[in-house]
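Colleague: First the structure, then my questions, so here it is.
The values are calculated or read from the model by the stated rules, or taken from the named source; none is laboratory data. Note that this is a predicted model, so its numbers are computed, not measured. All Cβ positions, even for glycine, are placed from backbone atoms using ideal geometry, and neighbour counts span all protein chains on display.
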Amino acid sequence: MESIEATDMHYYLLGERGAVMQSPLPQAFDCQRRLWAVAAQLQQAASFTDVITGMNNLTVVFDPLRHDGPQVLAQLAQLWESTAAHSAPQRQIEIPVHYGGDDGPDLAAVARHTGLSEQQVIEAHTGADYCVYFLGFQPGFAYLGGLPPALAIPRLATPRTRVPPGSVGIGANQTGIYPFASPGGWQLIGRTALPLFDPAATPPTLLQAGDLVRFVAINKKSEST
């Protein structure tokens, strides 16, 4: 497997059709903004099969009959060095959440693990600004950066077989919202009635990479958006 090392980025081939650039540093918004800018240039060029941005990484899918893998790695490295961070205006989205009770069955466990009261967990969770780094796992599932370190908690040892749609959870140093019912191992602290995916909408996902998110505590579940 061929690779290129750099002080702030690592480049390597993934099989015969993939090229990856991966930051070895902890997740950082400035790095993510720069990756978005690189992705925008690659997508505009339209010379690759796909361009996929993850958290602290970017993957290019290419046709090996048209592209040489090491040359693709060199192109990624050149783009990274010459590209400034993406500076497009960020949307700000508020997510109303009913914390605790049946909607947040793990709130008490999170409080015990962190040494905070349940109310302090809610205040810390709603007091932070989060950034959507990328979408994955489910349509509309946003991986959010910005969780206060005091709220970090391991995932459940045994995942639930069904997490209700709209559930807000914490997994390690991230928080997120399940758009649909599914198995899941994140610690559930609340739930929102806000739809995160609408196939009839354009775009179909409420949240997009780069959006700023704030959680807002409500006294009871609201069906309004």
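Colleague: Applying the selection to the range 123-133, what residues are over 19 Å from A111 (Cα atoms) and surrounded by 20 or more Cβ atoms within 10 Å (Cβ to Cβ)?
Modeller: Filtering the range 123-133 down to residues over 19 Å from A111 (Cα atoms) leaves 129-133.
The answer is Y130, V132, Y133.
Colleague: Inspect the range 121-136 for any residue being more than 26 Å from N56 (Cβ to Cβ), outside any helix (DSSP H, G or I) and in contact (Cβ under 8 Å) with a residue 12 or more places away in the chain and give the result as yes or no.
Modeller: no
Colleague: Restricted to the range 150-173, and to residues that are of a type outside the set (A, V, I, L, M) and crowded, with 21+ Cβ neighbours inside 10 Å, which residue is nearest to the chain's Cα centre (by Cα)? Break it down into steps so the answer makes sense when it comes.
Modeller: If we filter the range 150-173 for residues that are of a type outside the set (A, V, I, L, M), which is where we start, we get 154-155, 158-162, 164-167, 169, 171, 173.
Filter again for crowded, with 21+ Cβ neighbours inside 10 Å, leaving 166-167, 169.
Values: G166: 16, S167: 16, G169: 13 Å.
So, considering only residues that are of a type outside the set (A, V, I, L, M) and crowded, with 21+ Cβ neighbours inside 10 Å, the one nearest to the chain's Cα centre (by Cα) is G169.
Colleague: Please tell me if R155 is part of a loop (DSSP other than H, G, I, E, B), more than 24 Å from V216 (Cβ to Cβ) and of a type in the set (K, R). Before you say what the answer is, go through the steps one by one.
Modeller: Details: part of a loop (DSSP other than H, G, I, E, B): yes; more than 24 Å from V216 (Cβ to Cβ): yes; of a type in the set (K, R): yes.
For R155, the condition - part of a loop (DSSP other than H, G, I, E, B), more than 24 Å from V216 (Cβ to Cβ) and of a type in the set (K, R) - is met.
Colleague: Take V110 and tell me if it is of a type in the set (V, I, T) and out of contact with any Lys or Arg (no Cβ under 8 Å at 6 or more places or on another chain). Please lay out each step first, then the result.
Modeller: On the way: of a type in the set (V, I, T): yes; out of contact with any Lys or Arg (no Cβ under 8 Å at 6 or more places or on another chain): yes.
It is true that V110 is of a type in the set (V, I, T) and out of contact with any Lys or Arg (no Cβ under 8 Å at 6 or more places or on another chain).
Colleague: Which of the residues that make up the range 77-106 are modelled with pLDDT of 95 or more, surrounded by 12 or more Cβ atoms within 10 Å (Cβ to Cβ) and assigned to a helix (DSSP H, G or I)?
Modeller: G101, D103
Colleague: Of all residues in the range 76-110, count the ones that are among the hydrophobic types (A, V, I, L, M, F, W, C) and closer than 26 Å to L196 by Cβ. Talk me through it step by step, then tell me what you get.
Modeller: Within the range 76-110, the subset among the hydrophobic types (A, V, I, L, M, F, W, C) is 76-77, 79-80, 84-85, 88, 93, 95, 97, 107-110.
Among the residues that remain, those that are also closer than 26 Å to L196 by Cβ are: 88, 93, 95, 97, 107-110.
So the answer is 8.
Residues are listed down the side, and each one gets a yes or a no for (1) under 21 Å from R33 (Cα atoms); (2) touching a helix residue (DSSP H, G or I) at 6+ places or on another chain (Cβ under 9 Å); (3) among the charged types (D, E, K, R):
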site: P64; (1), (2), (3): no, no, no
site: L73; (1), (2), (3): yes, no, no
site: H98; (1), (2), (3): no, no, no
site: D106; (1), (2), (3): no, no, yes
site: L116; (1), (2), (3): no, yes, no
site: I122; (1), (2), (3): no, yes, no
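Colleague: Which numbered condition trips up T53, out of (1) more than 30 Å from P149 (Cβ to Cβ); (2) at pLDDT below 90; (3) assigned to a strand (DSSP E or B)?
Modeller: Only one criterion is unmet by T53, namely (1).
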